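> After the structure tokens below, expect a handful of questions from me.
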């Protein structure tokens, strides 16, 4: 089970073995909220919908959930909020809160993913997703499964 504490900017993962891993994260710079187009991190109960990027090298960048190449200083200038290394795609499980209609986390493409802005980890800076350091997201990716529960709490 994954528990994300937005105010603490911490992700806790309790493995099947009982081991608890703790990772610093970065959630949305615009705060918490479930509304489509808000660029906020959605709250509530979620589960892992898909894992993308297995076997890709660290700092692979993704576009439309497809690996496109390795991130470099040259690619950095093309846009912001790069999705690097791994994607853990979330889907809401609470109808009207984070599932269906204008609050659907899956349709909002809410991910846990690596970032090129590792210096911002520990403070709100994303466009709605949960950013992690690249080594951390690879480690987490290797220990989670599709369907695993994810709770995003204030």
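> Fully extended, how many nm does the chain gain between residue 3 and residue 65 (0.36 nm per residue separation, minus their Cα-Cα distance)?
On the way: separation 62, 0.36 × 62 = 22.32 nm, distance 2.37 nm.
Answer, rounded to one decimal: 19.9 nm.
> What is the gain in length, in nm to one decimal, between residue 14 and residue 36 on full extension, counting 0.36 nm per residue of separation less the C-alpha to C-alpha distance? Walk me through the intermediate numbers first.
Numbers: separation 22, 0.36 × 22 = 7.92 nm, distance 2.94 nm.
Gain on extension, residue 14 to residue 36, equals 5.0 nm.
> Next question, about the same structure. Under a plain spin-label model, where a point goes 7 Å from the Cα along Cα-to-Cβ, how far apart in nm are residue 109 and residue 94?
Placing both labels 7 Å along Cα→Cβ, they lie 2.5 nm apart.
> When the chain is treated as a GNM, springs tying every alpha-carbon pair under 10 Å, which of 104, 136, 21 comes out with the largest mean-square fluctuation?
Maximum among the listed residues: 21.
> Take residue 153, project a point 7 Å from its Cα along the Cβ direction, then tell me which residues of region 1-26 have their backbone nitrogen under 16 Å from it.
Answer for region 1-26: 1-15, 20-23.
> For the chain, modelled as a GNM with alpha-carbon contacts under 10 angstrom, which of 91, 27, 17 fluctuates the most?
Highest fluctuation of the listed residues: 17.
> For region 2-153, count all C-alpha to C-alpha pairs, find those more than 26 Å apart, and express that count as a whole percent of the total.
Values: 1979 of 11476 pairs.
Every Cα pair in region 2-153 considered, those over 26 Å come to 17 percent.
> List the relative contact order of region 2-153 as a percent without decimals, with contacts defined as Cα pairs under 8 Å and 6+ residues apart.
So the answer I get is 34 percent.
> Another one. If I stretch the segment between residue 45 and residue 72 completely, what's the gain in nm (0.36 nm per residue apart, minus their alpha carbon distance), one decimal?
Details: separation 27, 0.36 × 27 = 9.72 nm, distance 3.53 nm.
My answer for the length gained is 6.2 nm.
Just so you know, all these numbers are worked out from the coordinates, no wet-lab data involved. It should be emphasised that the depicted structure is a prediction, and the values quoted were computed from it without experimental measurement. As a convention, Cβ positions derive from the backbone with ideal geometry for all residues, glycine included, and neighbour counts pool all protein chains shown.
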